[in-house]
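Okay, so here's the structure we're looking at.
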Amino acid sequence: MLRVNNIEVCYSEVILVLKGVSLDVPDRSIVALLGANGGGKTTLLKAISGLLKTEEGEVTDGSIEFGGKRIDHIEPEQRVSMGISQVMEGRMVFEHLTVDENLEAGHYVRRRESSLNSERDMVFSYFPRLKDLCRQVSGYLSGGEQQMLVIARALMARPKLFLLDEPSMGLAPIIVEEIFDIVKRIKEEQGASVLLVEQNAVAALSIADHGYVMENGKIVLDGPASKLMDNPDVKEFYLGLSELGEKKKYSEVKHYKRRKRWLV
Amino acid sequence: MHLPCRTFNETYEQDMAIVRTRLQWILLAAAIVFGLCIPLFTGTYMLTVIITTMSIIIAALGIQILTGYCGQLSVGHSAFVAVGAYSSALLVSQSGLSFWIAVPVAGIAAGLVGLLVGLTSIRLKGFYLIISTLAAQFIIMYVIIHWTSVTGGSFGMSAPAPKLGGIEFATTQSYFYIVFIALLIATYVAKNIVRTNVGRAFIAIRDNDLAAEVMGIHLTAYKLLAFFIGCAFAGIGGALAAHARGVITPDSYTLVQSFWYLGYIIIGGLGTITGVFFGVIFVSALNNGLAMFLSSLSTIFPGAGSLLAPLMLVIFGLVIILFLTFEPRGLAHRWQIFKAYYRLWPFSY
Amino acid sequence: MSVILEHLVIGIAVGAVYSIVALGFVLIYKATGVFNLAQGSLLCLGAYICYFLSITVGLPFYVSIILTLVVAFAIGLLIEFVFLRRMIGQSHLAILMITIGLYLMLRGVVLIAWGVYSKSLPSYLSAEPINILGANVLPIFALSLVAAAILFAVFILFFRYTSIGVAMRATQDNQQVAQSVGISVKRVFGMSWAIASLTAAVGGIIVGTILSVGYSLDDFGFKVLPAVILGGLESVPGALIGGIILGVVEHFGAAYLGSWLIGIEDVIPYVILLVLLLIVPYGIFGLKRIERI
């Protein structure tokens with residue numbers, strides 16, 4: 001469905017952030033994108049959704065294809081109507097608008113194709129809690145509710161591909177679990193694909209079919225989610241599990257070397 | 001910006017120096033000598049234009065410090081110019097004070113009025129601050145127009161020519177020298193303000209006032225200082241122009257005039273002293289060029305001359321928009337690019 | 001007592017005109033974050049277009065009003081496309097100065113096209129005062145009250161219940177997020193300029209009838225600034241209330257102080273505004289901006 005082919009991204013024509021990234025998101029699948037901060041994950045999502053332009057970023061090389069068509073030169077709003085919805089990092093609700101109005105704004109691209117009420121009911125079937133809050137001003141919702149709202153808002157456009165940027169950030173584990181369950185349900189019931197950027201690697205890999213690991217603007221590792229879970233490097237760097245706990249000194253040396261091999 | 005070949009700044013003094021190389025000294029001296037010779041070969045009309053332009057530069061230096069350096073957008077600059085003009089004219093013609101005292105006093109008066117307006121900047125910023133300078137424009141001009149017994153209302157009042165000892169500077173030529181020297185002093189003072197700690201505090205406030213405050217810059221004091229300095233320059237420029245013209249009326253100090261002052265520093269380049277010269281001279285040349293063109297046209301199309309003011313408005317507005325869109329750093333930046341190009345010629349890098 | 005009531009009614013009627021003009025400011029600021037100092041020029045242009053269509057071309061007055069609104073809408077779109085499209089994302093002060101450039105340009109254009117002498121619109125209303133609540137008011141003021149009521153009702157509903165209205169508010173909240181949900185920020189900007197130009201034209205026709213159509217009508221934009229600021233830059237109801245307060249204050253100022261201080265009504269709003277702003281720096285209904293480094 002989505003094919004990112006060897007893209008390079010520059011900010012302000014100077015700072016090279018992505019250095020030849022390729023990535024595939026097949027139909028009806030969840031792909032997790034892991035990696036440390038500053039690795040270029042969010043930049044990759046913005047390159048796909050087209051929001052780079054507002055930040056003086058540019059795709060300077062390579063191509064992005066969605067459903068067989070190149071999309072790297074069209075406007076962000078056209079990409080949304082083609083079926084790509086990005087849920088931005090940091091629970092970006094329209095603070096001064098009510099929950100209902102937020103959903104209406106999300107429905108904007110499909111305002112001629114479907115009725116607002118039927119779409120809203122569909123969204124409420126995933127997020128029943130929002131139904132009770134629909135008159136509230138969204139700036140005053142709790143973090144978990146805001147995260148649900150932004151996913152719901154993206155769902156209003158009935159996307160074929162979700163780009164989720166750190167949905168777990170700053171949320172309690174139980175809420176994260178709830179949100180991830182909903183994401184999985186959306187994928188199964190809506191037939192959508194999800195590209196999930198996460199710091200919380202355990203949670204992400206538990207629902208993902210495939211995973212990529214990014215470091216310093218490059219993909220350094222990829223594979224099926226179950227395989228990544230077993231990879232010792234991933235385990236140590238991203239899952240926080242270590243088999244070498246006892247031999248501490250030796251492990252640090254080794255850690256450093258392995259880490260270095262990754263970062264080249 | 002790049003320095004010429006084999007010129008290195010090794011000390012703080014060198015880094016801060018206004019004139020850095022021998023060539024610059026020569027050029028500066030040549031420019032001053034040329035300036036002093038201007039009255040010898042220009043006609044009275046041309047000289048009046050030059051005197052007006054120079055006094056506008058002095059006033060525009062003020063708005064450059066206030067808006068270009070300190071970031072306090074003022075849309076009432078011509079009202080402060082008016083305060084200077086009227087105070088000086090009043091002091092000379094009513095109180096019989098000497099011109100040489102009246103002009104600085106007029107500057108201080110305008111500065112104090114500016115200080116009063118600046119008081120609002122403690123609480124307000126951005127768009128809301130525009131309102132207070134706009135209010136200053138309207139309130140000051142209201143007072144000037146309606147206080148007929150003192151200011152002569154909309155008929156205006158006279159501003160006599162200065163005297164020194166027994167010499168009266170009544171001719172345009174002699175008055176030229178007064179304004180020219182005032183301009184030199186004003187430029188030197190302005191340049192020194194912006195390159196010392198005061199100027200750096202202004203720039204810090206412009207770029208991020210909250211950060212500046214956290215760094216220990218006393219926001220209130222420096223904002224008020226910027227208002228005082230900016231408006232004092234306006235007052236002196238206004239006073240000099242007033243005595244040059246001999247008579248002042250309120251319609252030279254409208255809101256549109258205030259916009260022109262903003263336009264000068266946009267075209268010249270915000271936050272540079274040289275930019276003020278470029279901006280004012282560019283617009284003045286444009287205005288006079290257009291006037292000449294239209295007056296020559298009016299032999300073919302009678303009435304073309306009356307198009308001058310509106311056409312100039314259109315062109316000036318358009319030029320402001322074009323500069324903001326395509327060269328937001330103004331002519332001063334173009335000049336820097338040109339200098340760098342000439343230094344490196346014939347090698348492009 | 002009845003004298004005070006009469007002043008109040010007239011003040012409110014005049015204030016209704018102000019609030020229509022103030023609405024234009026708020027519409028542009030709300031959606032695009034631009035403080036449009038050329039709002040008065042749009043008003044002036046609207047009045048002249050109406051004059052041109054009804055007197056110069058000789059169309060029936062009601063046809064020319066409708067045509068004026070259409071043309072004003074198009075002019076708004078055009079101005080946004082030609083002058084402001086490139087500036088999206090630039091600093092607010094730079095865009096503000098663009099609108100100053102526009103103000104100068106439009107004044108020049110109007111002067112070139114129609115000269116310095118003011119014109120008058122056809123007298124479509126009787127000059128016979130009518131009685132509202134015991135106050136004698138010219139019919140045009142009654143009409144402006146109705147026009148203001150309709151415009152404000154339409155816009156409050158528009159922003160609350162239509163998708164494009166919600167999209168415009170969403171854009172004001174956060175442009176990038178609005179883009180991420182598929183709202184075309186450019187179209188929102190174009191729309192808001194078009195709508196603001198349309199309201200300005202409504203204001204222009206009304207003001208042009210009350211006074212006359214002259215180039216200095218563009219100063220009206222500055223005259224209503226206290227109303228805009230008083231109401232808070234983002235608030236549509238604020239524009240209404242601000243406009244009415246301005247009208248009342250101005251009228252009372254003229255009635256009670258005007259005999260000693262001629263023309264005081266032109267500066268009273270600014271004096272009061274300054275004092276008020278020092279107490280409430282964001283206006284009565286404005287959003288308080290939270291600033292962080």
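Identify the residue in region B:319-349 that is of a type in the set (D, E, K, R) and in contact (Cβ under 8 Å) with a residue 12 or more places away in the chain and, among all such residues, is nearest to the other protein chains (Cβ to nearest Cβ). Spell out how you get there, then give the answer.
If we filter region B:319-349 for residues that are of a type in the set (D, E, K, R), which is where we start, we get B:327, B:329, B:334, B:339, B:343.
Among the residues that remain, those that are also in contact (Cβ under 8 Å) with a residue 12 or more places away in the chain are: B:329, B:339, B:343.
Values: B:Arg329: 11, B:Lys339: 24, B:Arg343: 24 Å.
Out of the qualifying residues, it is B:Arg329.
In this structure, does B:Ala204 turn out to be in the same structural domain as B:Thr120 (by TED's automatic domain parsing), closer than 16 Å to B:Lys125 by Cβ, touching a Lys or Arg at 6+ places or on another chain (Cβ under 9 Å) and not in a loop (DSSP other than H, G, I, E, B)?
Working: in the same structural domain as B:Thr120 (by TED's automatic domain parsing): yes; closer than 16 Å to B:Lys125 by Cβ: yes; touching a Lys or Arg at 6+ places or on another chain (Cβ under 9 Å): no; not in a loop (DSSP other than H, G, I, E, B): yes.
No; evaluated as a whole, the condition is false for this residue.
Being closer than 25 Å to C:Pro226 by Cα, out of contact with any strand residue (DSSP E or B) (no Cβ under 7 Å at 6 or more places or on another chain) and within 13 Å of chain C (Cβ to nearest Cβ) is true for just one of B:Thr120, B:Thr148. Which residue is that? Give the steps one after another, and end with the answer.
Numbers: B:Thr148 fails: closer than 25 Å to C:Pro226 by Cα.
Exactly one residue qualifies, and that residue is B:Thr120.
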Problem - Residues of region B:238-256 satisfying the condition of being part of a helix (DSSP H, G or I) and surrounded by fewer than 24 Cβ atoms within 10 Å (Cβ to Cβ) - result: B:Ala244, B:Arg245, B:Pro250, B:Asp251, B:Ser252, B:Leu255, B:Val256
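Please pick out the residue among B:Phe316, B:Phe259, B:Phe277 that is part of a helix (DSSP H, G or I), in contact (Cβ under 8 Å) with a residue 60 or more places away in the chain, buried (at least 16 other Cβ atoms within 10 Å of the Cβ) and within 13 Å of chain C (Cβ to nearest Cβ). Let's see the steps before the verdict.
Details: B:Phe316 fails: in contact (Cβ under 8 Å) with a residue 60 or more places away in the chain; B:Phe277 fails: within 13 Å of chain C (Cβ to nearest Cβ).
One residue alone meets the criteria, B:Phe259.
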Exercise for the section: Please work out if B:Gly268 is surrounded by 24 or more Cβ atoms within 10 Å (Cβ to Cβ), more than 22 Å from B:Leu318 (Cα to Cα) and under 13 Å from the mean Cα position of the chain (by Cα). Expected result: no
Handout entry: Test set (1) hydrophobic (A, V, I, L, M, F, W, C); (2) surrounded by fewer than 14 Cβ atoms within 10 Å (Cβ to Cβ); (3) touching a Ser or Thr at 6+ places or on another chain (Cβ under 7 Å) - B:Ile185 fails condition number
Key = (3)
Problem - Test set (1) in a helix (DSSP H, G or I); (2) surrounded by 15 or more Cβ atoms within 10 Å (Cβ to Cβ) - B:Ser295 fails condition number - result: (2)
Practice task
Starting from residues that are under 21 Å from A:Leu164 (Cβ atoms), buried (at least 18 other Cβ atoms within 10 Å of the Cβ) and of a type in the set (D, E, K, R), keep the ones in region A:82-112 and report whichever is nearest to the other protein chains (Cβ to nearest Cβ).
Solution key: A:Arg110
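If you check B:Ala85, B:Ala59, B:Ala30, which single one turns out to be among the small types (Gly, Ala, Ser) and in contact with a strand residue (DSSP E or B) (Cβ under 8 Å, 6 or more places away or on another chain)? Please lay out each step first, then the result.
Working: B:Ala59 fails: in contact with a strand residue (DSSP E or B) (Cβ under 8 Å, 6 or more places away or on another chain); B:Ala30 fails: in contact with a strand residue (DSSP E or B) (Cβ under 8 Å, 6 or more places away or on another chain).
One residue alone meets the criteria, B:Ala85.
Can we say C:Ile20 is in contact (Cβ under 8 Å) with a residue 40 or more places away in the chain and among the aliphatic types (A, V, I, L, M)?
Yes; evaluated as a whole, the condition is true for this residue.
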Practice task
Determine whether A:Ser118 is among the polar types (S, T, N, Q) and closer than 21 Å to C:Arg187 by Cβ.
Solution key: no
Practice task
Please work out if B:Thr187 is of a type in the set (S, T, N, Q), in contact (Cβ under 8 Å) with a residue 12 or more places away in the chain and more than 30 Å from B:Leu40 (Cβ to Cβ).
Solution key: no
Practice task
Enumerate the pairs (first residue in region A:102-122 and within 22 Å of A:Gly139 (Cα to Cα); second residue anywhere and in a helix (DSSP H, G or I) and of a type in the set (A, V, I, L, M, F, W, C)) with beta-carbon separation below 6 Å, excluding pairs fewer than 6 apart on the same chain, so at least 6 apart or on different chains.
Solution key: A:Asn102/A:Leu149; A:Glu104/C:Val166; A:Ala105/C:Val166; A:Ala105/C:Ala167; A:Ala105/C:Ala170; A:His107/A:Leu116; A:Tyr108/C:Ala167; A:Arg120/A:Leu103
Fill in the blank from the handout: Taking region C:55-112 and keeping only residues that are small (Gly, Ala, Ser) and more than 8 Å from chain B (Cβ to nearest Cβ), one is left with C:Gly58, C:Ser64, C:Ala72, C:Ala74, C:Gly76, C:Gly89, C:Ser91
Completion exercise
Across region C:138-177, the tally of residues that are facing chain A (nearest Cβ under 7 Å) and either among the aliphatic types (A, V, I, L, M) or touching a strand residue (DSSP E or B) at 6+ places or on another chain (Cβ under 9 Å) (or both) stands at 4
Problem - Residue ID - farthest from B:Val75 (Cα to Cα), chosen from residues in region C:235-267 that are within 11 Å of chain B (Cβ to nearest Cβ) and surrounded by fewer than 20 Cβ atoms within 10 Å (Cβ to Cβ) - result: C:Trp260
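Yes or no: A:Val99 at pLDDT 90 or above and within 24 Å of C:Ile164 (Cα to Cα)?
Working: at pLDDT 90 or above: yes; within 24 Å of C:Ile164 (Cα to Cα): yes.
Answer is yes for this residue.
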Handout entry: The lone exception for A:Ile151 - which of (1) part of a helix (DSSP H, G or I); (2) at pLDDT 90 or above; (3) of a type in the set (Val, Ile, Thr); (4) over 16 Å from A:Glu104 (Cα atoms) it fails
Key = (4)
Problem - All positions within region B:199-213 that are surrounded by fewer than 18 Cβ atoms within 10 Å (Cβ to Cβ), out of contact with any Asp or Glu (no Cβ under 9 Å at 6 or more places or on another chain) and of a type in the set (A, V, I, L, M, F, W, C) - result: B:Ile203, B:Ala211
Completion exercise
Of the residues in region C:82-103, those that are more than 13 Å from B:Leu324 (Cβ to Cβ) and within 18 Å of the chain's Cα centre (by Cα) come to C:Tyr103
Exercise for the section: Please specify each residue of region A:58-81 satisfying the condition of being surrounded by fewer than 17 Cβ atoms within 10 Å (Cβ to Cβ) and touching a strand residue (DSSP E or B) at 6+ places or on another chain (Cβ under 6 Å). Expected result: A:Glu58, A:Thr60, A:Asp61, A:Ser63, A:Glu65, A:Arg70
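Looking for something among the aliphatic types (A, V, I, L, M) and facing another protein chain (nearest Cβ under 9 Å) - is there at least one such residue anywhere in region A:59-75?
Checking region A:59-75: not a single residue is among the aliphatic types (A, V, I, L, M) and facing another protein chain (nearest Cβ under 9 Å).
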Practice task
Answer yes or no: is there a residue in region C:186-194 that is under 16 Å from C:Ser41 (Cα atoms), surrounded by fewer than 24 Cβ atoms within 10 Å (Cβ to Cβ) and of a type in the set (A, V, I, L, M, F, W, C).
Solution key: yes
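The values are calculated or read from the model by the stated rules, or taken from the named source; none is laboratory data. Source: prediction; values computed, not measured. Cβ: placed from backbone, ideal geometry, glycine included. Neighbour counts: every protein chain shown.
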